[in-house]
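The values are calculated or read from the model by the stated rules, or taken from the named source; none is laboratory data. Here the structure is a predicted model, which means the values were calculated and not measured. So basically every Cβ, Gly included, is an ideal-geometry build from the backbone, and we count neighbours across all protein chains shown. These area figures cover heavy atoms from the full protein model, side chains too; ligands, DNA and RNA do not enter into them. Shrake-Rupley method; radii C 1.70, N 1.55, O 1.52, S 1.80 Å.
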Amino acid sequence: MDKDADTQASRALRILGALAKVPQASVKELSESTQIPVSTVYRMLSSLVSSGFAQKTSTRHYGAGPIAVQLAERYRDTTLTTGSVTPYLRQLAEDSGEFVAFMVAHGAEAVCVEAVESRHMLRCCYTVGASQPLLRGATATALLSRMPRDSRHRVFDHYLISDDQRAGIEHACAQALADRYAVSSGELDAGIWGVSAPVLDGAGALGGVVTLMAPAERSAYRTAQLIRLVRRTADSLSGGIR
């Protein structure tokens, strides 16, 4: 692939990545979020719409197209529902009685790709397709701890965080790497305790993390049990993510 073609492909992927985070967006919003000139965004969207990866709405905004939706469905079919993830999440939710999710890193964010509700009502920030900055909480720490140092620093640069914040996150990542899990309390949602453990593929690369969330008052007396259940689930999934 020549340099120009590579640049075009990179820009198209950045636009698709931006569309994946919102129901729909204007050309100006896509330009601002991707740092791609408006004229180029228009040109790229024309190709993405004609190929079915994006679609134009009646309000002159853009959203995911039918091909992108089909790809998402195939991902859920092969990797999640009929693959190895969902059955393990369901078992973890049954054993713990708590909300559980499978999270992956995408750029500078953590994205929820699968979730299983608990038998208790829980209001938290994670639903399928939702994303959060890779900065705070057990999920972010567990993901960052398994990322190369350069990749972590790109995340820090993206959010323009201070040296003190970087040092604090690096310390938390080192602890999570040693423990093979990360915990947090109230960092994303007030009163919510969470634990996350990494899932590695057959080559030892990060596939995602298993995350469990529960009200702090309900988890306080059984944190060791919940950590053990999450680690067991992540260990069982490691090497099996297709």
Under 5 Å from the placed amide H of I192, counting only residues 5+ away or on other chains, we find G186, A216
Answer in debye to the nearest 20: the dipole magnitude of the range 125-242 about its Cα centre, from +1 Lys/Arg and -1 Asp/Glu charges placed on Cβ, is 420 debye
The rounded separation in angstrom of the Cα centers of the range 15-37 and the range 159-227 is 29 Å
Using alpha carbon positions and the Kirkwood radius, the Rg to Rh ratio of the range 123-242 is 0.96
Both in Å, the radius of gyration and Dmax of the C-alpha trace of the range 142-209 are 12.7, 37
The convex hull of the Cα atoms of the chain, divided by residue count, gives a volume in Å³ per residue of 150 Å³
The chain, Gaussian network, Cα under 10 Å: of A93, A214, A190, the residue fluctuating most is A190
Calculated from DSSP helices alone, with each H run of at least 4 adding -39500 (n - 2.57) and the total divided by the residues of the chain, [θ]222 nm to the nearest 500 comes to -14500 deg cm²/dmol
Which of V195, V41, V116 fluctuates most in a GNM of the chain (C-alpha springs under 10 Å)? That residue is V41
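Relative to the Cα centre, what is the charge dipole magnitude of the chain, using +1 at the beta carbon of each Lys and Arg, -1 at the beta carbon of each Asp and Glu, and rounding to the nearest 20 debye?
300 debye
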A 1.4 Å probe over the protein heavy atoms gives the range 106-216 a carbon and sulfur accessible-area percentage of 51 percent
In whole angstrom, largest first, the equivalent ellipsoid semi-axes that the Cα gyration tensor gives for the range 176-232 are 23, 12, 8
Among D189, D95, D164, the residue with the largest mean-square fluctuation in a Gaussian network model of the chain built from Cα contacts under 10 Å is D164
If unit charges are put on Cβ atoms (+1 for Lys and Arg, -1 for Asp and Glu) and the dipole of the chain is taken about its Cα centre, the option from Q55, H106, L200 lying farthest towards the positive end turns out to be Q55
